[in-house]
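Chemist: Here's a structure for you.
We did not get these values from a lab; they are worked out from the coordinates using the rules stated. None of the values given here were measured: they were computed from a predicted structure. Cβ placement follows ideal geometry from the backbone for every residue including glycine, while neighbour counts extend to all protein chains displayed.
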Amino acid sequence: MGKLSPRAARIRRHTRIRGRVTGTADRPRLCVSRSNMRIYAQVIDDTKGHTLAAAGSIESDLRGLAKGAAAAEVGKRLAERAKAAGVESVVFDRGGYKYHGRVKALADAAREAGLVF
């Protein structure tokens, strides 16, 4: 058995995290997904399997921004949409990514916009 690819290692970490982190109606899960160019985030109620709010850097007015700035804007928009849906606090699911760079920028911006986690 050889070394895992970076993608396989991330998926393994994500599976391990998801064993502990679950979103409920009271505290839904803020799930982050990123690619080399884009970053996406959703607020999910895992008991019902519903997405309550979502945002991504694919939105037309965010396309020209730098990756870090776009991640911060996605976090801010997600927090606003979550609050409009009646969500005040969430559980953060970093998706197996390091809490660093764009993932951290998104989380910090969501906290500043009023989400509690």
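One line per residue, one yes/no per condition, for (1) farther than 14 Å from Ala109 by Cβ; (2) exposed (fewer than 14 other Cβ atoms within 10 Å of the Cβ); (3) of a type outside the set (S, T, N, Q):
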{"position": "Pro28", "(1), (2), (3)": "yes, no, yes"}
{"position": "Ile44", "(1), (2), (3)": "yes, no, yes"}
{"position": "Ala55", "(1), (2), (3)": "no, no, yes"}
{"position": "Arg63", "(1), (2), (3)": "yes, yes, yes"}
{"position": "Ala69", "(1), (2), (3)": "no, no, yes"}
{"position": "Ala72", "(1), (2), (3)": "no, no, yes"}
{"position": "Leu78", "(1), (2), (3)": "no, no, yes"}
{"position": "Arg81", "(1), (2), (3)": "no, no, yes"}
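Chemist: Which residue is farthest from the chain's Cα centre (by Cα), if the candidates are limited to segment 1-37 and must be among the small types (Gly, Ala, Ser) and farther than 18 Å from Ala84 by Cβ?
Modeler: Going residue by residue through segment 1-37, those that are among the small types (Gly, Ala, Ser) are 2, 5, 8-9, 19, 23, 25, 33, 35.
Applying the additional criterion that residues be farther than 18 Å from Ala84 by Cβ yields 2, 5, 8-9, 19, 33, 35.
Values: Gly2: 31, Ser5: 23, Ala8: 19, Ala9: 19, Gly19: 17, Ser33: 6, Ser35: 12 Å.
Step by step, filter segment 1-37, then rank; the result is Gly2.
Chemist: Please specify each residue of segment 89-117 satisfying the condition of being out of contact with any Lys or Arg (no Cβ under 9 Å at 6 or more places or on another chain) and either of a type in the set (Asp, Glu) or at positive phi (or both).
Modeler: Asp108
Chemist: Looking at Thr15, is it touching a strand residue (DSSP E or B) at 6+ places or on another chain (Cβ under 6 Å), surrounded by fewer than 20 Cβ atoms within 10 Å (Cβ to Cβ) and either in contact (Cβ under 8 Å) with a residue 24 or more places away in the chain or β-branched (Val, Ile, Thr) (or both)? It would help to see each step written out before you state the result.
Modeler: Numbers: touching a strand residue (DSSP E or B) at 6+ places or on another chain (Cβ under 6 Å): no; surrounded by fewer than 20 Cβ atoms within 10 Å (Cβ to Cβ): yes; either in contact (Cβ under 8 Å) with a residue 24 or more places away in the chain or β-branched (Val, Ile, Thr) (or both): yes.
No, not satisfied.
Chemist: Still on this structure, please answer the following. Among the residues of segment 87-107, what is the count of those that are touching a Leu at 6+ places or on another chain (Cβ under 8 Å) and surrounded by fewer than 21 Cβ atoms within 10 Å (Cβ to Cβ)?
Modeler: 4
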